Amino acid sequence: MKRVYYCPACNATLNPSVKVILTAVKDQRAGLILLSPQPGNYAVIAAEELDLHSSDRLDLRCPACGKSLDSRVNENLAEIGFRLSNGLDGRAHFSRRMGEHATFFITSEEVRSYGENADVYSCLNFFGAGEVETPDS
């Protein structure tokens, strides 16, 4: 089932072809970044001028309207919308740090996590605001 990813601000389609296209900003330099639409596939194609290195935190923006894609639940995540061909929609939250593999697909019914670093964000509350209270916090 194909996912159509879109900007939460302007609803522009972010994967018009085989890749998700975003604008990335690092050290006041901007360039396009292409991501796989497949959950768990962390291949990245980036503009050379971004000069990306492991652990760089990127400012990700919509290439159509320029709005920030910062997640509402954590400053190290980005957030975009998705829609499935069966009509189900939700949000995808994913790490803005190069080399950190953590992706979350949230619908009204469930949270699906992908990536070996997803447990770093295990205390997040995607259905409310902020982090979930844990007994030792």
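I'd like to know how region 1-64 sits against the 2.2 N^0.38 Å rule of thumb: what's its Cα Rg over that expected value? The reported ratio for this selection is 1.12. Is any residue of region 1-41 close enough, with backbone N under 20 Å, to a label point placed 7 angstrom from the Cα of H101 along the Cα-Cβ axis, and if so, which? So the set is 19-20, 34-41. Applying a 4.7 Å cutoff between beta carbons, the unpaired cysteines of the chain are C123. The orientation-averaged projection of the convex hull spanning the C-alpha atoms of the chain amounts to 8.8 square nanometres.
Roll a 1.4 angstrom probe over the protein heavy atoms and tell me the percent of accessible area of region 1-76 that is carbon or sulfur.
On the way: 2090 of 4360 Å².
Accessible surface attributable to carbon and sulfur in region 1-76 totals 48 percent.
In this structure, C65 and N117 have a Cβ-Cβ separation that, at R0 = 22 Å, corresponds to a calculated FRET efficiency of about 0.15. Could you work out how far apart the two model spin labels at V44 and L32 are, taking each label as a point 7 Å from the Cα in the direction of the beta carbon, and quote it in nm? Inter-label distance under the simple model: 1.8 nm.
The values are calculated or read from the model by the stated rules, or taken from the named source; none is laboratory data. Every value quoted in this text rests on a predicted model; they were computed, and no experiment measured them. Glycine also receives a Cβ, built like all others from the backbone with ideal geometry; neighbour counts cover every protein chain displayed. Areas reflect the complete protein model, heavy atoms only, side chains present, ligands, DNA and RNA absent. Shrake-Rupley method; radii C 1.70, N 1.55, O 1.52, S 1.80 Å.
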